[in-house]
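Read through the structure below, which is laid out as structure tokens, and then see the notes.
Readers should treat all values here as calculations from the given coordinates under stated rules, not as data from a laboratory. Please read these numbers as outputs of a predicted model, since none were measured by experiment. Positions of Cβ are backbone-derived with ideal geometry, glycine not excepted, and every protein chain shown enters the neighbour counts.
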Amino acid sequence: MLSEAEVWACLAAVPDPELAPVTLVELGLITDVRLTAAGVVVTLRLPTAQCPGLAEIRRCIAESLAPMAVWLSYDFTDAAWPSMSGTARIKLREQGIAVPEESWPFSVSCPYCASTHVECAYPWGKTLCVARYACQACHRLFDVWTRQ
Ligand SMILES: [Zn+2]
């Protein structure tokens, strides 16, 4: 009989379609898995209500669970964004995407030179869940994860 742990094990390997190799679980996009008499319910926490990646995220999840041959449905939550894993922070930094520290005041540092002399250049980067920043020290542009 299928267990929630087996479902989580499959989902843990699903990369975010736009931010791979960071996974959906590492980003905190999948917050819960429930087994019901009818099948599996996956709860998603989306970065924005109009997340353009939703269809692709659902396709990736469905593909990963396809071998289990279960009926799949989705639930959505707007609960507080879960803490991002250290692994996700490292993988995002390797892509040039900074993640602000969670403690107040939020500080953003350049993923290339670690300078904190940065400023927001555009409210959106390559996805809606990041903003484009400019580093005043090394003059490079980088993205900052803006949903926590
Ligand atoms: Zn820099």
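Applying a 10 Å radius around every beta-carbon, put 116-123, 17-24 in order of their mean neighbour count, most first.
With the highest mean Cβ count within 10 Å placed first, the list reads 17-24, 116-123.
Which Cys residues of the chain have no other Cys Cβ less than 4.7 Å away and so no disulfide-compatible partner by this rule?
By the Cβ distance rule, which asks for a partner under 4.7 Å, the isolated cysteines are CYS10, CYS51, CYS60, CYS120, CYS129.
Would you mind computing, in nm to one decimal, how far apart the modelled labels at VAL41 and MET1 are, each placed 7 Å from Cα along Cα→Cβ?
Distance between the two pseudo-spin positions: 1.8 nm.
Using only the alpha carbon atoms of the chain, find the Kirkwood hydrodynamic radius as the inverse mean reciprocal pair distance, in angstroms to one decimal.
In the chain this quantity evaluates to 16.3 Å.
For the pair ALA9 and VAL70, how long in nm is the line joining their label points, each one 7 Å along Cα→Cβ?
1.3 nm
Identify the chymotrypsin sites (Phe, Trp or Tyr not before Pro) of segment 20-105 meeting these criteria: DSSP loop state and at most 14 other C-beta atoms within 10 Å of the C-beta.
When the chymotrypsin sites (Phe, Trp or Tyr not before Pro) of segment 20-105 are filtered for loop state and at most 14 Cβ neighbours within 10 Å, TRP71 remain.
I need the phi-derived Karplus couplings for segment 113-125: 6.51 cos²θ - 1.76 cosθ + 1.60, θ = phi - 60°, integer Hz, Gly and Pro marked x.
Once θ is set to phi - 60°, the couplings for segment 113-125 become 10, 6, 5, 9, 7, 10, 9, 6, 9, 9, x, 10, x Hz.
Between THR116 and THR48, what FRET efficiency follows from the Cβ-Cβ distance if R0 is 30 Å, with the result rounded to 0.05?
0.70
Which order do the peptides 128-134, 138-144, 2-8, 51-57 come out in when sorted by mean C-beta neighbours inside 10 angstrom, highest first?
In descending order of packing, they fall as 128-134, 138-144, 51-57, 2-8.
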